[in-house]
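Just so it is clear, none of the values below were taken in a lab; they were calculated from the coordinates. Only a predicted model underlies this, so the values are computations on that prediction, with no experimental measurement involved. All Cβ positions, glycine included, derive from the backbone under ideal geometry; neighbour counts span all protein chains shown.
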């Protein structure tokens, strides 16, 4: 009879088991979403590397977070296999996807002035104005829909994104 090689509990008290083939299951044997199910010896080696990364971290997470932990561990195992790489992947800020609303366009219909209201939970009351290839962070006055300049302007979206990552409310800034 095959037995699990490691067993840990999540913060919710649910048991996670690592098996000799690298598979990760809950206490009663059902596979955890994203768990590897290797077939070749090379896949087993990679799955065990990821499995041990999960076992080292799983006690810090709730059962609803375990699938994301497994995905990050599999990604890290394919790189350098270090716990720091796993943590960096797991806790990276989600990429920004601007949703531009055109406020003004030229006679040919090309946008001249656009606004992107930032997600309110991470950046309450902030918006980005795009005009003539320049990005400016604006602050909303009350809930009036009126915006004033914050003094932060950028020439490209990459610089804007790195600034927003620094001032994000959800990341302690």
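Fully extending the segment from residue 25 to residue 37 would add 3.3 nm, taking 0.36 nm per residue of separation and subtracting the current Cα-Cα distance. Give the value in nm², to one decimal: projected area of the alpha carbon convex hull of region 101-171, averaged over all directions. Convex hull of Cα atoms, orientation-averaged projection: 5.0 nm².
Report summary: the helix-based calculation at 222 nm, which adds -39500 (n - 2.57) for every DSSP H run with n ≥ 4 and divides by the residues of the chain, gives -9000 deg cm²/dmol. For the pair residue 8 and residue 159, a Förster radius of 41 Å applied to the C-beta separation gives a FRET efficiency near 0.45, rounded to the nearest 0.05.
Taking 0.36 nm per residue of separation and subtracting the current Cα-Cα distance, fully stretching the chain between residue 141 and residue 82 would add 16.7 nm.
Its Cα gyration tensor gives region 86-135 an equivalent ellipsoid. The semi-axes, each the square root of 5 times an eigenvalue, are 30, 12, 8 Å from largest down. Give the distance, in whole Å, between the Cα centre of region 102-155 and the Cα centre of region 27-73. Each part reduced to its Cα centre gives a spacing of 42 Å. When the P(r) of region 17-130 is calculated, the portion above 23 Å amounts to 48% of the C-alpha pairs. Remark: relative contact order (region 51-173) = 13 percent; criterion is Cα-Cα distance under 8 angstrom and separation of 6 or more residues.
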